[in-house]
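No value in this document is a laboratory result; all are computed from the given coordinates. This one's a predicted model, so the numbers in the text were calculated from it and none came from an experiment. Cβ placement follows ideal geometry from the backbone for every residue including glycine, while neighbour counts extend to all protein chains displayed.
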Amino acid sequence: MFVKPFRYVRAESLAQACEVLRTADGTAKVIAGGQSLLPMANLGLLDLEAVVDIGSVEGHRGVDENDGFLTIGALTRHRDLERDPTLIAQQPLIPAATSWIGSARIRTRGTLGGSLAHSDPAAELPLVMTALGAEYELTTASSTRVVRADEFHVSYFTNALAEDELIAAVRVPALGPGWGWGFAEISRRRGDFAIAAAAALARVADGHVVEARLALGGVHERPMRLADIESATTGASASELDARIGPVEGLQAVSDTSATAEHRTHVARVLALRALTDAVRRGEAA
Amino acid sequence: MSEVRTSKLDELRVVHQPLPRHDQAEKIAGTTKFAGDLAFAGMLHACVVRSQVPSATITRRDGDDARRVPGVVAVLFGEDVPNNEIRVDVPGQTVVVGAFRASMQVLATDRVRFHGEPVALVIAETEDALAVARELVTIEFDDLPVVSDPEQALAAGAFQVHDGGNLLAEWRIDRGDVDPAFDRADVVVEDEYRTQFVDHAYLEPEAGVGWLDDDGVLTLRVATQVVEHYRDVAKILGVPDSKVRVIAPYVGGGFGGKEDMTVEPYVALAVWHTRRPVRMQWTRNESLLARAKRHRNVMRYRTAASADGTLLAHDIDILSDAGAYAYLSALVLLYSTVHACGPYRVGNVRIRARTAYTNNPPTSAFRGFGGMQMVLGYESQIDEVARRLEIDPGEIRKRNALARGDRLPVGQELITEVQLAQTIDAVRERAGGKPTPAGPRKRTGRAIASNMQSYGRLVWLNDSAAAWIGFQMDGSATVRCGVPDIGGGQASSLAQIASEILAVDIDRISVHFGDSALTPLAGTTTATRQLLMSGNATYEAATMLRDGMLGAVGDETGQAFDSLRMTPQGVLGPDVTMPLVDVLQLCRRRSVPIEALGTHFGPKGREVTRDLEGGRIFPDFTFGTHLADVEVDIDTGEVEILRYIAAHDVGRAINPLSVAGQISGAAVQGIGQVLLEEVVMQDGVNLTPGLFQYLIPTATDVPDIETLILESGEGLGPFGARGIGEPPIGPPLGAIPAAIADAIGVRPTTLPITPERVLSCIAAATAAAGVRGASQEGAKS
Amino acid sequence: MSSAHEVETSLKVNGVAVKETAGAHLSLLRWLRDIAGVTDPKYGCGEGVCGTCTVLVDGEPVSACIVLAAQVDGAAVTTAAGLCEPDGSLGPLQRAFHECHAAQCGFCTPGMLMCAASMLGEADHTLERHEIREGLHGNLCRCTGYGPIVDAIDAAQGSAP
């Protein structure tokens, strides 16, 4: 491991960290869990003057429930997302998807904000946030703003964050009555980056879909909602979904050493069907 | 004494016991000092700067900016290497390149031929200084054409990777009358099989520490399978062989990847240049980029059989990718050639095998050494013959199985019993009924595959190994043997053998191993040879020692030598019981040695020529059969291995735990090659230089490997043992594709069998079924 | 807010307090190995994917290669050596590894042990073999084929690590 020395800054607040970022002119990076940044540093891919650790910042952790919405602190670790009783009860898609992230070690250290800010198109959390229509609360030393997930994630490792901006919290709706959820993922091995993944939500009445939300990850340059497939499911029962939904179209799938674009596109539909089917079945039972 | 050895189970006390290995306790306690764990105060650190392009002329090298980094001690280039050349023997060749000795530079001076080739060496006081300085070494290139694959390399007008042409080596076998055999065949099957570049991916990346000892001997303590590389290091430095010493501590996995030199020349140069202790640890990225890989093979098989399933003839063409430098490619290809027909009797065989230079990473030794790739070819072929003739796959294998006294196509006669049929029966009996699919979109399949793999080095290499055993006066014993222990229990098995013969409790035996200066040289831990060679050397030393001591007791007491035995209670005879410590005192009084050096010489043979008509080529072979149950998801192409059973005849299991461990580990490594692993090269650039991209099996990718140890009771190793390190890696290449074929109707022929390739096979099967359905045949696929 | 290239880090490593000043860029793995001289966690990939550097930080498993020592200042770190009995003999989980032949080359073993210790420590029921395999998926072994490691963890269930 050839890591060039850098300055280590331990921030006591997000505002302090943002201020360091503002003055560093692109030569500083924030570290929360460090599960994406430090592998890159070890590979010699980062040239940093400073690393700003926000791991000791107080607050910004845990889940608050308010008026049908859940607000999750950006410093909440994956491990805590997986086990949080409020999430398990109110929005189980998030714990279920989180359990697919890497290994237990990654989930011990990795944080919600870190994963979203890294904006890996194959990552689970940006995908479920896109499916849920989550809102990200972004902060600088002096201001805050709210950006929707589908506006936030732009492309490979590229997002709407300004250079001196951090994610402070994420707001998602709780799972409403009659709603079910589904999550499906395929990777070459357990814990690897997804070849493709699908997150689905469906509101079901009398065994038929009233409305559905479906997002795919790992295929396109960012997680994508698939409106065509969503609308095609309206009125379908779980067993009718396969006949209703067409091929996945409109995504520019990537080819890499895990899978070709053609394969990604093929399994994307398989996963969409599996996630939707699970969502409808759960919606029926809800 | 015949070179075939045997043993009777009821006479064994320690050998054949499933004893936890003595080296494991320290490894589990975390106290074992691997190559990278040793540090000296004031030690320097070194790293290699590598080519980022696969094929280029070097136009400029400049280390001045790097030298100015605080803490940097030196930046070395090829001109700073006393003898900047590593030469490789390429035996038996008439091709232009192979007829000479192939060579490569320690540090490239004017030309690079693969992505990752070493160009400069940076030495610094700290790893932090290295991190900064390595990026400041300037190396400029003029790109040259890239030769991406061996077919391209051998095409007319191809760019020459080395002067003299891209054909590095060629082997041929022509036995019997091949063409008439095809003419009279009832069935002829033909296909092409492709394997991929594979990385050893041991968990311990290459590492080592070097220092100048008090006596001026340059000492390297490195992760290696070959302490005899001290000779190569001495040549590079231009010093007598006696001035270099290599110590192999316990090695964190080898599999052939630490058979060629890795860090050795660079640590040696850094120590030589600075006269200070130096440590070098390759990153995983370096390991995956720069260390030699398993050859990818293109294998074209045409096979003739008669209606009763008798194999009549093989016509085989093999082309392997030698990568950028020769390394052991010619020998690996020789193994491919000799193993190409598998464990079957085939009277008429024509093989043409070639290996060609490309701008890919060098390829060299890897568990199974060219023999294992061929399993994909010969097992697929025999399965296809069986399918066409509607013969059971087990039955056709038994019908064609080699037996003692048969000659291989290369001319070698088999001198030990072959229990191939028993391994087939064993896996089937264990397996019971075929599993049923877990859902409507799943298909299950079952298949077996057999193989043979040599153990011991090529006979013309005049192999030998030495081991020394000495008693301490308290009755404990010390074994010294130059064997490197790479995790297979190489050192531990020597203790077990010595304990058996000398009747000393195994806990009272210490084994000192892997030191080219202080332990008798035992040769390389490669080629599944250490149990055969060091095991026999230890056996012979122990026997010599025991017989001398019994002789002393006989002379002292007047008892007949043949009536005396070494037992845990001491020497016992009809009228004598003498505790061991008394025997040792007696030996001292009578000037009888209480130590002995055993040297075991391997079988001999003539050096081969290109046309391989020499006769014996290997000491002997190990045979086995695996059975795989798979389930295929026909929507995603994912393959799950539901059960995996592996049976091998090991002659005699010295330690059944170690044998089972070798079988289980090798099977999983083979499964990894079949389903997951590939070093992906694109125009000479490595696209899989990390363990996120290079995918080895995890605990969730494989089931428990059910190992069945068969013991024919004879082999060339001590007590009738056969080598088992390499053989079990081969059969997965036959069993898994065949099980997938059983599930979905079409056999994959290219590795790795990714979900995508499975889906292609399903599509092909569906298309074929459509044709069949239309023609009302309805035959089952 | 503090800011420096060199930082003082205090860790309790296998029960022993260690306080050293070192480069802030050092991973916990390098800090343990090169500064504290604790070499049982191994470098295998530097990307947190192979598991050979698995240690427990305040009882939770982490990849020591992708955590800065500075990030975990003040924590209790347990490595495989910390599973030994006070007299240096093997602890119960380690004895199970020994008896089940769960180590061959031994390079992955310290990380495997910590993964196993964490898995068993968190389990609220007796784990099935497939659950043990699931828990091991982030730790690579190239020698054993995993079966003996699963055997060992299975055998160690119910006894304290």
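For a modelled paramagnetic label at A:Ala205, 7 Å from Cα along Cα-to-Cβ, the residues of the stretch A:217-234 in reach, with backbone nitrogen under 15 Å, are A:234. One quarter of the surface of the convex hull around the alpha-carbon atoms of the stretch A:29-133 equals 7.0 nm², the direction-averaged projected area. In this structure, the amide hydrogen of B:Ala169, modeled 1.01 Å from its nitrogen in the peptide plane, lies closer than 5 angstrom to those of B:Thr355, counting only residues at least 5 positions away or on a different chain. Given +1 at the Cβ of Lys and Arg, -1 at the Cβ of Asp and Glu and no other charges, the dipole of the protein assembly as shown around its Cα centre is 1420 debye to the nearest 20. With 0.36 nm allotted per residue and the present C-alpha distance subtracted, the B:Arg231-B:Asp562 stretch has 114.7 nm of extension available.
Straight Cα distances below 19 angstrom link B:Lys33 to the aspartates and glutamates B:Asp23, B:Glu204, B:Glu206, B:Glu264, B:Asp485, B:Asp515, C:Asp34, C:Asp40, with same-chain residues fewer than 8 positions distant left out. Legend: calculated FRET efficiency, B:Lys442 to B:Asp65, from the Cβ-Cβ distance at R0 = 56 Å, rounded to 0.05, equals 0.40.
What percent does the relative contact order of the stretch B:26-116 come to when contacts are Cα pairs within less than 8 Å and at least six residues apart? For the stretch B:26-116, the relative contact order is 36 percent. Site pair B:Thr94 and B:Arg172 shows an inter-label distance of 0.6 nm when each label is modelled 7 Å from Cα along Cα→Cβ.
A cut-off under 12 angstrom between Cβ atoms defines the neighbours of B:Ala647, and their net charge, with Lys, Arg +1 and Asp, Glu -1, is -3. If R0 equals 25 Å, the separation of the Cβ atoms of B:Thr109 and B:Asp611 corresponds to a calculated FRET efficiency of about 0.10. From the alpha carbon centroid of the stretch B:302-336 to that of the stretch B:12-56 is 35 Å. Along each principal axis, taking the top coordinate minus the bottom one, the Cα set of chain B gives 92, 76, 51 Å in descending order. With distances taken between every two different alpha-carbon atoms, the protein assembly as shown has a Kirkwood hydrodynamic radius of 32.0 Å. Short-range pairs are left out: with C-alpha atoms under 8 Å and at least six residues apart, the relative contact order of chain B is 16 percent.
For B:Lys235, the lysines whose Cα comes closer than 18 Å to its Cα, not counting residues fewer than 8 places off in the same chain, are B:Lys243. The residues neighbouring A:Gly62, those whose beta-carbon lies less than 9 Å from its own, together hold a net charge of -2 under the Lys/Arg +1, Asp/Glu -1 convention.
Judged by the mean number of other Cβ atoms found within 10 Å, the most tightly packed of the peptides A:259-268, B:386-395 leads the ranking A:259-268, B:386-395. So if I take the centroid of the Cα atoms in the stretch A:85-126 and the same for the stretch B:686-711, what is the distance between those two points in Å? What the calculation gives is 27 Å, centre to centre. Structural descriptor for the stretch B:639-781: relative contact order 32 percent, calculated from alpha carbon pairs under 8 angstrom and at least 6 residues apart. Bridging of B:Lys27 to lysines at a Cα separation below 17 Å is possible for C:Lys42, once same-chain residues fewer than 8 apart are set aside.
Only four residue types carry charge here, +1 at the Cβ of Lys and Arg and -1 at the Cβ of Asp and Glu. Report the dipole size of the stretch B:1-158 about the Cα centre in Debye, rounded to the nearest 20. Write out the running numbers ahead of the final one.
Working: 16 positive and 24 negative charges, 109 e Å.
I would put it at about 520 debye.
The Rg/Rh ratio of the stretch C:1-140, with both radii computed over alpha carbons and Rh defined as the Kirkwood radius, is 0.99. Note on A:Glu262 and B:Arg194: the model spin-label points, each 7 Å out from Cα along the C-beta direction, lie 1.3 nm apart. With 0.36 nm allotted per residue and the present C-alpha distance subtracted, the A:Ile88-A:Leu45 stretch has 11.7 nm of extension available. Taking Cβ atoms as reference points and 15 Å as the exclusive limit, the residues near B:Val187 contribute a net charge of -4, counting Lys and Arg as +1 and Asp and Glu as -1. A helix-only calculation puts chain B at -8000 deg cm²/dmol for mean residue ellipticity at 222 nm, using -39500 (n - 2.57) for each DSSP H run of at least four residues, averaged over all residues.
Close amide H partners of A:Ile31, meaning residues 5 or more places away or on another chain with modelled amide H under 5 Å apart, are A:Val52, A:Asp53, A:Ile54.
Beta bridges from DSSP with both residues in chain B: antiparallel share about 80 percent, rounded to the nearest 5. In order along the stretch A:107-116, the Karplus-derived 3J(HN,Hα) couplings, from 6.51 cos²θ - 1.76 cosθ + 1.60 at θ = phi - 60°, round to 6, 5, 9, x, 10, 4, x, x, 5, 5 Hz, and Gly and Pro are given as x.
Using a Förster distance of 56 angstrom, determine the FRET efficiency expected from the C-beta separation of B:Thr478 and A:Ser239, and round it to 0.05. That gives a FRET efficiency of 0.15. Here the 3J(HN,Hα) profile of the stretch A:239-253, calculated from phi with Karplus coefficients 6.51, -1.76 and 1.60 at θ = phi - 60°, is 6, 8, 4, 4, 6, 7, 8, x, x, 6, 10, x, 9, 9, 5 Hz, Gly and Pro shown as x. When both the stretch B:436-475 and the stretch B:232-260 are represented by their alpha-carbon centers, they are found 25 Å apart. Spacing of the modelled spin labels on B:Glu151 and B:Asp505, each 7 Å from Cα toward Cβ, amounts to 6.5 nm.
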